[in-house]
Amino acid sequence: MESFRQAFELLFPPDKELLQIIGVTLKMSFFSTLISCLIGLPLGSLIGSQSFRGKSFIKKLIHTLMGLPPVVAGLVVYSLFTHYGPLGRLNMLFTVRVMVVAQVMLITPVVIGLTSSFIESASKPVIETARGLGFSGLKTARLCIGEGRSSLFSVVLNAFGRSIAEVGAVSIVGGNIQWKTRVMTTAIMLETNKGKFSFAIALGIILLLIAFIVNALASFTVRENADG
Amino acid sequence: MVEIKSLKKCYGDRTVLDIPELVFENGTVTALAGANGSGKTTLLRILAGIIKKTEGSVKTPASVLYLPQQCYAFRGNLIKNITLSGADEKEASVLLRKLGLDNLASKKAKSLSGGELQRLALCRILSKKCELLLLDEPTSACDARGAQLVTEAINDYKEKYGCTVIMSTHSPALAVNSAQRLIVLGSGRIEADGAPSDILSSPESQWAKSFTSGWKI
Ligand SMILES: Nc1ncnc2c1ncn2[C@@H]1O[C@H](COP(=O)(O)OP(=O)(O)O)[C@@H](O)[C@H]1O
Ligand SMILES: [Mg+2]
C-alpha cells in the first residue's frame, strides 16, 4: 500500500526527474523497437516465405540469438564502444544511442524469429490462394501483411515490451547516469540496491502502467483500422 | 494445351507423383479422382506453379487460375473478397447470386460455413478470365444444392471462355455432369483414363467400387 501511495505521489503532481526518466525510457524503447522492426520484419518475412539452402541452420542460429542473455549483448556492445574498442572513436558509450544499439542487438533476432514462424504457418493459405488467382508477388505480399497485421502487430508490441523491461544491457552500456541515461528499470535497480524497496515498487507500478497504456493505445489504433 | 512428360514429385525418397505422359487438349474438361493421398492436389499444385516438380517437363498456357483445396477467406465482406481480384461490385453480385450467396453479400467472409466459403472462393476465381482452370475438390464441402450450383457455374464459365478445366473430385456426379474425361490416380500413378461413364460402370474400377461398397439400404 505504501508503494501505491508513493507511486501516486510521484505522479500527482508529476515528479520532474521521474518525467525525465520516463522520457528517456520511451525514447529508447521507441527507437529500439523501430530499428529492430525495420530490420526484423522484412528479414523475417523473407526467411519465412523462401526456401533456400542453410535455412534450418539460420533458423537455429536465430533461435539461439533469441535467447541471448542481455548482459552478454551489453558486454559485446560495451567492448565495441569502449574507449579503446573498434568503435571507441565515436564516443558513444553511456549515451541513449548506444543503449539503443544494444537493445537492437537483443530484439532483432526476436522480431526475425517471430515474424518468420508467423509467415511460415499463417501465410501459407494466403499465398496459395493469392497465387492461384494469378496475383503478382507484390500484391501477394501486401495481402499477407494485411491479413496478418494483428499477428505482426503483436510482434511489434512484443519487441517494445522486451525493450522497455530490459535492464542488463542498458545498465552496462548506459551506465545509469542521472538526468542522462537512467531509465525506469535501472532506476528500479538503483532504488532496490539502496534498500528503498517501496519506492522501487512504486517505480515498478509506474513502469507497468506505461507499458499498459502503450499497449492499449497501440491496439486501439490497430482495431480502428482493422476489419471492414 | 497442357503437356506433361516424365513428371515426378518426390518428398525425401518417397515418390508421390509419377506420370510418364499426359496431355490435356484445349477446351476439354477433365476430372481427377483417386483416394486420399493419391496425388491429386500435388498434380494441380504443380500445374498451378505453387510447388516445384522434382523431374520432368510441364507445359501450361500463360493464364492459369487455381482454386486450392483449403479455401481462404480474406478480411472483409463477400463482395470485397471478390472485387479484390479485380472484378467490380456488380460482377461480384452477379456471381454471388449465381452461387446462392447473394443474401450473405455484406457478411464477413471469415464467418462463412465451409460450404459457403467454398462457393465464395469459386466466385473469386470465376471473376477472372483464364485459359486453364484448376479446381481442387470444388464441391467437397457443399451440400447437394450447393454442389449443383457449383457444377452449373463451372459449366457456364467453361462455355463462356472455352478454357481447359482440370478438377479433382470425389463426386461421381460432378465427374459425369461436367467432365468428358476422368483420370483416376492411385499412389501417384494413373490407374484409369477414359470417359467418366465408362470408368464408373467398369466392374474392375476400384474407384467406382469404392462408392458402392459402403452402401446398404
Ligand atoms: N509437403 C509435403 N511433404 C511430404 N509429403 C507430402 C507433402 N505434401 C503432400 N505430401 C504427400 O503426398 C501424397 C499426395 O498428397 P496429395 O496430392 O495432397 O493427395 P490428394 O490430394 O490426392 O489427397 C500424400 O501421401 C501426402 O502425404
Ligand atoms: Mg487433395
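The values are calculated or read from the model by the stated rules, or taken from the named source; none is laboratory data. Keep in mind it's a predicted model, so treat the numbers as computed, not measured. No Cβ is skipped: glycine too gets one built from the backbone with ideal geometry, and neighbour counts run over all protein chains shown. Note: accessible area is taken over every heavy atom of the protein model, side chains too, but ligands, DNA and RNA are not part of it. Shrake-Rupley method; radii C 1.70, N 1.55, O 1.52, S 1.80 Å.
A few notes on this one:
- All conditions but one from (1) away from ligand 2 (no atom under 16 Å from the Cβ); (2) open to solvent by 50 Å² or more (accessible area, probe 1.4 Å) apply to B:ALA141; the one that does not is (1).
- Among the strands (runs of 3 or more DSSP E) confined to the range B:1-86, the ones with at least 2 residues that are open to solvent by 10 Å² or more (accessible area, probe 1.4 Å) are located at B:2-11, B:14-24, B:55-59.
- Restricting the range B:109-134 to residues that are surrounded by fewer than 19 Cβ atoms within 10 Å (Cβ to Cβ) and within 15 Å of A:PHE135 (Cα to Cα), the residue that is farthest from the other protein chains (Cβ to nearest Cβ) is B:LYS129.
- Leading residue by the ranking (farthest from A:PRO125 (Cα to Cα)) among those in the range B:2-53 that are among the hydroxyl-bearing types (Ser, Thr, Tyr) and within 14 Å of chain A (Cβ to nearest Cβ): B:TYR11
- Some residue of the range B:16-33 being touching a helix residue (DSSP H, G or I) at 6+ places or on another chain (Cβ under 6 Å), within 16 Å of ligand 1 (Cβ to nearest atom), of a type in the set (Gly, Ala, Ser) and in contact (Cβ under 8 Å) with a residue 40 or more places away in the chain: yes
So that you can scan it fast, the table gives a plain yes or no per residue for (1) within 12 Å of chain B (Cβ to nearest Cβ); (2) assigned to a helix (DSSP H, G or I); (3) within 23 Å of the chain's Cα centre (by Cα); (4) in contact (Cβ under 8 Å) with a residue 40 or more places away in the chain:
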site	(1), (2), (3), (4)
A:PRO86	no, no, no, no
A:LEU93	no, no, yes, yes
A:PRO109	no, yes, yes, yes
A:SER116	no, yes, yes, yes
A:GLU120	no, yes, yes, yes
A:SER151	no, yes, yes, no
A:ASN158	no, yes, yes, yes
A:ILE172	no, yes, yes, yes
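- Test result for B:THR15, within 16 Å of ligand 2 (Cβ to nearest atom), closer than 30 Å to B:ALA195 by Cα and among the polar types (S, T, N, Q): no
- Residue among A:SER171, A:SER163, A:SER150 that is touching a helix residue (DSSP H, G or I) at 6+ places or on another chain (Cβ under 8 Å) and more than 26 Å from A:ALA102 (Cβ to Cβ): A:SER150
- Some residue of the range B:63-86 being modelled with pLDDT of 95 or more, hydroxyl-bearing (Ser, Thr, Tyr), within 20 Å of the chain's Cα centre (by Cα) and within 16 Å of ligand 1 (Cβ to nearest atom): yes
- So B:LYS59, is it within 22 Å of B:GLY194 (Cα to Cα), free of Cβ contacts under 8 Å to residues at least 60 places away in the same chain, more than 9 Å from ligand 2 (Cβ to nearest atom) and away from chain A (no Cβ under 14 Å): yes
Yes/no per residue for (1) buried (at least 22 other Cβ atoms within 10 Å of the Cβ); (2) within 24 Å of B:ILE51 (Cβ to Cβ); (3) of a type outside the set (A, V, I, L, M, F, W, C):
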position: A:SER123; (1), (2), (3): yes, yes, yes
position: A:SER136; (1), (2), (3): no, yes, yes
position: A:GLY174; (1), (2), (3): yes, no, yes
position: A:MET189; (1), (2), (3): no, no, no
position: A:ILE201; (1), (2), (3): no, no, no
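- Considering the conditions (1) touching a Gly at 6+ places or on another chain (Cβ under 6 Å); (2) open to solvent by 40 Å² or more (accessible area, probe 1.4 Å), A:GLN178 is excluded by exactly one of them, (1).
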